[in-house]
Ligand SMILES: [Ca+2]
Ligand SMILES: [Ca+2]
Ligand SMILES: [Ca+2]
Ligand SMILES: [Ca+2]
């Protein structure tokens, strides 16, 4: 664990690292996820991004799968009411192509208003080259799990002759993590470090014993998911064959909500549209940098900031301080901070690293030939255990929160993410899958 050192010394080490960490690509990253990670998006669920994913199609490595999820914790019985994309939100993939913090291309998705409980929304998709297409979303469904055609098959659309395939609709949330155990373990670990640094081993072991709970706070819940399958060739020739991906959610500023009482009339749609420029209100690069390492008072600011802000060191001191408080040593602070600071907080995927898996059941510290997160991010990658591994200074044998695999299987073909949970039938084997 970390020897006592001042923040100033750690920052000096970080500054030194900024020149060095580029050689560590792909560098390991931070924790968990991004559901309700800041005060603003906790009260504006449509703008609350949950996770971004970027990985090579394990069945066809000439394709890149990108995904952005939002509106987490949809309970199956409420699929219809909550299963929609907000027509006043722009869902954007920022794509980075030359290894710096500045995005070089974009994929934008917006949706039409919802016109009926079972009617699809029409997505408008603008690809990296500016070409624009439309495609139907998959409407939400509520059916009793196990009944015929339940849920219906996902709607997948080929976008013209580009080779791009598009999906948008509700899916199981494949992120897994024991939120209460993590909170208890990290609070106890901070107390150990505050009392003695490096911490007493018994104290640290007792802190980590909180993970014996092993419950996945996300099991049994659905999330809205936008997924694209994109031929690698559409990314051109990125530097070192590595692309950066940052999923952002934006609204126009200002927004208009029910501007006049005259608009309350039979059949009126409440206008939740805006005008002016698009403003980023949430972003999803590496999972849960904001949720775990940024102080509460700066979480909204972090979500609105850019990857260029990250690289300028805007949040570096907070990230270093949060890791020091957990006893993370300088070597591992540098590895972790490098991901969220040096070239901005985004996923980095090497398009030349062969991938044959969705990551289900794999661990960075024990799986032979592991090629998952922090090389991009696959739906099954155990990003929490990856974070814990570096926070705990790479213990031999690894470290786990015991919430390691998704509760339902993945699909074997695009969009790969499992179907949405449905209300349970009565009888044996019908228990609710939520694990709070
Ligand atoms: Ca979020
Ligand atoms: Ca760039
Ligand atoms: Ca799940
Ligand atoms: Ca885990």
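Here, each number is a calculation from the coordinates, and none is a lab measurement. Just so it is clear, the model here is predicted, and its values are computed rather than measured. Backbone-built Cβ (ideal geometry, glycine too); neighbour counts: all protein chains shown.
Multiplying the residue separation of residue 431 and residue 411 by 0.36 nm and removing their Cα-Cα distance gives an extension gain of 5.0 nm. How much of the calculated P(r) for the chain lies past 30 Å, in percent of all Cα pairs? It works out to 42 percent of all Cα pairs.
Under the simplified labelling scheme, the residue 317-residue 42 pair shows an inter-label distance of 2.5 nm, with each label point 7 Å from Cα along Cα→Cβ. Over all pairs of different C-alpha atoms in the range 59-115, the reciprocal of the mean inverse distance, the Kirkwood hydrodynamic radius, equals 14.4 Å.
Once the Cβ-Cβ distance of residue 122 and residue 277 is raised to the sixth power relative to R0 = 25 Å, the FRET efficiency obtained is 0.60. The stretch between residue 113 and residue 82, if pulled fully straight at 0.36 nm per residue, gains 9.8 nm over its current Cα-Cα span.
For the pair the range 343-376 / the range 400-436, the C-alpha centres are spaced 23 Å from each other.
Between residue 354 and residue 308, what length comes free when the chain is fully extended (0.36 nm per residue of separation minus the Cα-Cα distance, one decimal in nm)? All intermediate terms of the calculation are to be shown ahead of the outcome.
Details: separation 46, 0.36 × 46 = 16.56 nm, distance 2.95 nm.
Computed gain between residue 354 and residue 308 is 13.6 nm.
Dividing the mean sequence gap of close Cα pairs (under 8 Å, 6+ apart) by how many residues the chain holds gives a relative contact order of 26 percent.
Each label was represented as a point 7 Å from its Cα along the Cα-to-Cβ direction; for residue 100 and residue 202 these points are 5.5 nm apart. The three principal axes of the Cα atoms in the range 168-218 give end-to-end lengths of 50, 19, 12 Å, sorted in falling order.
Compactness of the range 296-436, taken as the C-alpha radius of gyration over 2.2 N^0.38 Å, stands at 1.26. The distance from the alpha carbon centre of the range 199-214 to that of the range 172-190 is 13 Å, rounded to a whole number.
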